[in-house]
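A.B. asks: Please read through the structure below; I'll follow up with questions.
The values are calculated or read from the model by the stated rules, or taken from the named source; none is laboratory data. Since the model is a prediction, treat every value here as computed from it, not as a measurement. Methodologically, a virtual Cβ is constructed for each residue, glycine included, from the backbone with ideal geometry; neighbour enumeration extends over all protein chains shown.
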Amino acid sequence: MSRRLPEVNGTFVQMEDELASITCCLGASYAGLKTMTATSGPGLSLMAENIGLGVMLESPLVIVTIMRGGPSTGQPTNASQSDIYQTRYASHGDYEIIVLAPSTVQEMYDLTIRAFNLAEKYRTPVIVASDGIIGQMMEPVFYHSNIKLVERKGPQVLPEKYKPFEVFDDDLIPGMAVAGTDYNFYVSGLTHDEEGNPDSTPETAVKLIKRLCDKITRARSEINDWEEKYIDDADIIVLAYGINARGVPEAVDQVRQEGYKVGYVRLKSLWPFPDELMEKIGRQGISKVVVSEMNYGMIIREVQRFQHLFKVSGITIPTTIPFSPKFIYKRLMKEV
Amino acid sequence: MIPSDQLEEILDHPLKDRLNLHRFIFCPGCLIGTVITSITSCLIEKGLTSKDYAIVSGIGCTGRSSGCFKAPAFHTTHGRAIPFATGLKLANPRLKVIVLSGDGDLFAIGGNHFIHAARRNIEITVLCVNNNVYGMTGGQVAPTTHIGDITQTTPYGNMEPPFNLVSLAAAAGATYVARWPGYDTLRLQKSISKSISNEGFSFIEVLAPCFIQYGTKNKLGDAVEMLEWMRKQIRIKTDCPPHEATFDFKKGVIICGEFVDEEREGFSKRLKQIRDKVQSNKSK
């Protein structure tokens, strides 16, 4: 990016630390630009507070995190899926966030474009949760022409009537004014009313938090995305995501060759968690969901919320190497 | 609550068209308001309207000041006003970006950003309202508290020497550095005006002692007595090198003035030059 951005009229800056990187991006976003920053686990820990600021200021921003495992310095340059909760809960306070999970280098490209569009549309930080393998590997990538780009909603009233957090539409998203225009506005990380005034009365707090969360969760069906196979006739399905999902199709095919009805789902977005997919799996009469992830059990706990619909078991190992098709096959043969 | 007759008087402020007076939360006797009006007067004098500038603050008493401006105003997280301002400036180099924050915010939690922004010479103005203490959070010791001073967290006297913000800013590479007492609005305004015109990183330290948190504990009297106590120590000097800009309550000497005023290419200008060069090489 340091090489490419100046060629296309962009700006690349290496700031002094991650706190500065994310906050600089938020500033640039409020001057009207599309901005992104990239880091890995410990760096995302440092960015945590200002993910919250991005949520509170409703500032579009893309964050790429290359999961490497931890705690602390952990396993640099290795792969992991152990920051799934970090992407969801890094910052303090009640909030919702959008997290996408690429499985291939092609998807790194595709989902980063999607992340920008979602960030602009929902006025929120969006995290692309990748890992140390995808972050370093080479694969063929097809670049698209005519990419459909989404731009943020601008102010819907004249400057003298503008309030930075006033909502006019059902999507609960206020129109965003930026610096350098005729609009005056005050935005604060403090709990605020629609005019931006700091206000910590219970009414204002509840109203604000509810809107910030609802604007994301209400749009679940538009945000959430997954790939599925053999769902219609499956009795057992494997649920995986990211790099660790790449061995699943082969393993599932082998198990099917043994005559067992298995299928799989690969999540392309992790948060907000696709509750509607779980309900669909329940409706299909699937008896068991096997969650496969490279951590000690994170997404599996979300799936376990639906144990009234199906049984849940897991292959949850905090390793740095994705599960091979052979390994998944062996584990699945114990589940069928 | 402010009585309605007084409120009317306050709302009749001569700068009311440029200020959000309902967001002034400062204690009587505090100089933050003076700094806000000084900045506003400069902006008016320079003919700048709100599409020409942005105000950014961090957390603390001065952190609450950004909301007082009728401008694009940003109340960010603790210590992060400077990187936020850097982002605004890089995204729209036409903007005059002013950071207004306190000594704790800018030099403790935000210290790293300050030195790097000065080194980069990013074209922003940073005004530090220095009250030598964490005012809003209850009067804890700050990196600007003097040795021996009593604060909430140094009941037996502060053991650590303070930063000298002027020499720190100069050493880090700021291209305009000044220090003024907050009540000296004429000199302060002139200085702010110069800093806004500087095409580089400008730093102004404004002395604004906190009589609630600092004065009371150190038995310095009420707000007016405390300002009088400070005024007696102020020496205005010209051509004083920044490392000799003494700020010592014990010796009773506070050197004020302009300490650095030099030209060095700003960061956003350099970025633009690189961009132009890369693009012209590409088109060849």
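A.B. asks: B:Lys232 passes all but one of (1) surrounded by 12 or more Cβ atoms within 10 Å (Cβ to Cβ); (2) in contact with a Gly (Cβ under 8 Å, 6 or more places away or on another chain); (3) of a type in the set (Lys, Arg); which number fails?
C.D. replies: Among (1) surrounded by 12 or more Cβ atoms within 10 Å (Cβ to Cβ); (2) in contact with a Gly (Cβ under 8 Å, 6 or more places away or on another chain); (3) of a type in the set (Lys, Arg), the lone unmet condition for B:Lys232 is (1).
A.B. asks: Only one of (1) farther than 29 Å from A:Asp182 by Cβ; (2) outside any strand (DSSP E or B); (3) of a type outside the set (S, T, N, Q); (4) away from chain A (no Cβ under 14 Å) fails for B:Ile115. Which number is that?
C.D. replies: (4)
A.B. asks: Look at the range A:194-204 and say how many of its residues are polar (S, T, N, Q) and within 14 Å of another protein chain (Cβ to nearest Cβ). Show your work before the answer.
C.D. replies: Step one: of the range A:194-204, the residues polar (S, T, N, Q) are A:197, A:200-201, A:204.
Still in the running and within 14 Å of another protein chain (Cβ to nearest Cβ): A:197, A:200.
Total meeting the criteria: 2.
A.B. asks: A further question on this structure: Looking at the range B:51-67 only, could you name the residues that are facing another protein chain (nearest Cβ under 9 Å) and outside any strand (DSSP E or B)?
C.D. replies: Across the range B:51-67, the qualifying residues are B:Lys51, B:Asp52, B:Ile59, B:Arg64, B:Ser66, B:Gly67.
A.B. asks: Does the range A:169-187 contain at least one residue that is outside any loop (DSSP other than H, G, I, E, B), on the phi < 0 side of the Ramachandran plot and either in contact with a His (Cβ under 6 Å, 6 or more places away or on another chain) or in contact (Cβ under 8 Å) with a residue 60 or more places away in the chain (or both)?
C.D. replies: Residues of the range A:169-187 outside any loop (DSSP other than H, G, I, E, B): A:185-187.
Narrowing further to those that are on the phi < 0 side of the Ramachandran plot: A:185-187.
After this cut, where a residue has to be either in contact with a His (Cβ under 6 Å, 6 or more places away or on another chain) or in contact (Cβ under 8 Å) with a residue 60 or more places away in the chain (or both) as well, the list is A:187.
Yes; the residues of the range A:169-187 include at least one that is outside any loop (DSSP other than H, G, I, E, B), on the phi < 0 side of the Ramachandran plot and either in contact with a His (Cβ under 6 Å, 6 or more places away or on another chain) or in contact (Cβ under 8 Å) with a residue 60 or more places away in the chain (or both).
A.B. asks: Examine the range B:208-225 for a residue that is within 18 Å of B:Gly135 (Cβ to Cβ) and in a strand (DSSP E or B), and state whether such a residue exists.
C.D. replies: Checked against the condition, which is being within 18 Å of B:Gly135 (Cβ to Cβ) and in a strand (DSSP E or B), the range B:208-225 yields no hits at all.
A.B. asks: While we're on this one: Within the range B:1-50, can you find the residues that are over 18 Å from B:Ser65 (Cα atoms), more than 14 Å from chain A (Cβ to nearest Cβ) and surrounded by 14 or more Cβ atoms within 10 Å (Cβ to Cβ)?
C.D. replies: Across the range B:1-50, the qualifying residue is only B:Lys46.
A.B. asks: Might you let me know whether the range B:163-175 holds any residue that is part of a helix (DSSP H, G or I), without any contact (Cβ under 8 Å) to a residue 12 or more places away in the chain and within 26 Å of B:Lys232 (Cα to Cα)? Give the derivation first.
C.D. replies: Step one: of the range B:163-175, the residues part of a helix (DSSP H, G or I) are B:165-172.
Filter once more, keeping what is without any contact (Cβ under 8 Å) to a residue 12 or more places away in the chain: none.
The answer is no, given that none of the residues of the range B:163-175 is part of a helix (DSSP H, G or I), without any contact (Cβ under 8 Å) to a residue 12 or more places away in the chain and within 26 Å of B:Lys232 (Cα to Cα).
A.B. asks: Do you know which of the residues in the range B:72-95 that are at the interface with chain A (Cβ under 7 Å from one of its Cβ atoms), in contact with an Asp or Glu (Cβ under 9 Å, 6 or more places away or on another chain) and not polar (S, T, N, Q) is farthest from A:Thr181 (Cα to Cα)?
C.D. replies: Looking at residues that are at the interface with chain A (Cβ under 7 Å from one of its Cβ atoms), in contact with an Asp or Glu (Cβ under 9 Å, 6 or more places away or on another chain) and not polar (S, T, N, Q), I get B:Arg80.
A.B. asks: Considering only residues of the range B:212-221 that are more than 22 Å from the chain's Cα centre (by Cα) and surrounded by 14 or more Cβ atoms within 10 Å (Cβ to Cβ), which is nearest to B:Asp149 (Cα to Cα)?
C.D. replies: Start the filter on the range B:212-221 by keeping residues that are more than 22 Å from the chain's Cα centre (by Cα), which leaves B:216-221.
Keeping just the survivors that are surrounded by 14 or more Cβ atoms within 10 Å (Cβ to Cβ) gives B:216-218, B:220-221.
Working: B:Thr216: 11, B:Lys217: 9, B:Asn218: 7, B:Leu220: 11, B:Gly221: 15 Å.
So the residue we want is B:Asn218.
A.B. asks: On the given criteria, is B:Ile98 β-branched (Val, Ile, Thr), within 13 Å of another protein chain (Cβ to nearest Cβ) and not in a strand (DSSP E or B)?
C.D. replies: Values: β-branched (Val, Ile, Thr): yes; within 13 Å of another protein chain (Cβ to nearest Cβ): yes; not in a strand (DSSP E or B): no.
So B:Ile98 fails the test.
A.B. asks: Could you check, for the range A:115-133, whether at least one of its residues is without any contact (Cβ under 8 Å) to a residue 60 or more places away in the chain, in a loop (DSSP other than H, G, I, E, B) and of a type outside the set (Ser, Thr, Tyr)?
C.D. replies: No: the range A:115-133 contains no residue that is without any contact (Cβ under 8 Å) to a residue 60 or more places away in the chain, in a loop (DSSP other than H, G, I, E, B) and of a type outside the set (Ser, Thr, Tyr).
A.B. asks: A:Leu46 versus (1) closer than 24 Å to B:Ala118 by Cβ; (2) within 10 Å of chain B (Cβ to nearest Cβ): which is the lone unmet condition?
C.D. replies: (2)
A.B. asks: Follow-up. Among the residues in the range A:205-218, are any farther than 30 Å from B:Ser66 by Cβ and either buried (at least 16 other Cβ atoms within 10 Å of the Cβ) or away from every other protein chain (no Cβ under 14 Å) (or both)? It would help to see each step written out before you state the result.
C.D. replies: Filtering the range A:205-218 for residues farther than 30 Å from B:Ser66 by Cβ gives A:217-218.
Retained after the next criterion (residues that are either buried (at least 16 other Cβ atoms within 10 Å of the Cβ) or away from every other protein chain (no Cβ under 14 Å) (or both)): A:217-218.
Yes - at least one qualifying residue is present in the range A:205-218.
A.B. asks: Of everything in the range B:32-86, what is polar (S, T, N, Q) and either out of contact with any helix residue (DSSP H, G or I) (no Cβ under 7 Å at 6 or more places or on another chain) or in contact (Cβ under 8 Å) with a residue 24 or more places away in the chain (or both)? Give them in sequence order.
C.D. replies: Going through the range B:32-86, the residues polar (S, T, N, Q) turn out to be B:34, B:37-38, B:40-41, B:49-50, B:57, B:62, B:65-66, B:76-77, B:86.
Those that are polar (S, T, N, Q) and either out of contact with any helix residue (DSSP H, G or I) (no Cβ under 7 Å at 6 or more places or on another chain) or in contact (Cβ under 8 Å) with a residue 24 or more places away in the chain (or both): B:Thr34, B:Thr37, B:Ser38, B:Thr40, B:Ser41, B:Thr49, B:Ser50, B:Ser57, B:Thr62, B:Ser65, B:Ser66, B:Thr86.
A.B. asks: Within 21 Å of A:Lys326 (Cβ to Cβ) and outside the structural domain of A:Pro60 (by TED's automatic domain parsing) - does that describe any residue in the range A:270-280? Don't jump to the end; show me each part of the working.
C.D. replies: In the first step, residues of the range A:270-280 are kept if they are within 21 Å of A:Lys326 (Cβ to Cβ); the result is none.
No, that holds for no residue.
A.B. asks: Let me ask something else. Could you please let me know if A:Gln86 is outside any loop (DSSP other than H, G, I, E, B) and either modelled with pLDDT of 95 or more or touching a Gly at 6+ places or on another chain (Cβ under 9 Å) (or both)? Talk me through it step by step, then tell me what you get.
C.D. replies: Working: outside any loop (DSSP other than H, G, I, E, B): yes; either modelled with pLDDT of 95 or more or touching a Gly at 6+ places or on another chain (Cβ under 9 Å) (or both): yes.
Judged against the criteria, A:Gln86 is a match.
A.B. asks: Still on this structure, I have one more. Could you please give the count of residues in the range A:193-222 that are of a type in the set (A, V, I, L, M) and either in the same structural domain as A:Val238 (by TED's automatic domain parsing) or not in a helix (DSSP H, G or I) (or both)?
C.D. replies: First, pick out the residues of the range A:193-222 that are of a type in the set (A, V, I, L, M): A:205-206, A:208-209, A:212, A:216, A:219.
The next check asks that each one be either in the same structural domain as A:Val238 (by TED's automatic domain parsing) or not in a helix (DSSP H, G or I) (or both); those that pass are A:219.
Going through the range A:193-222 one residue at a time, the tally reaches 1.
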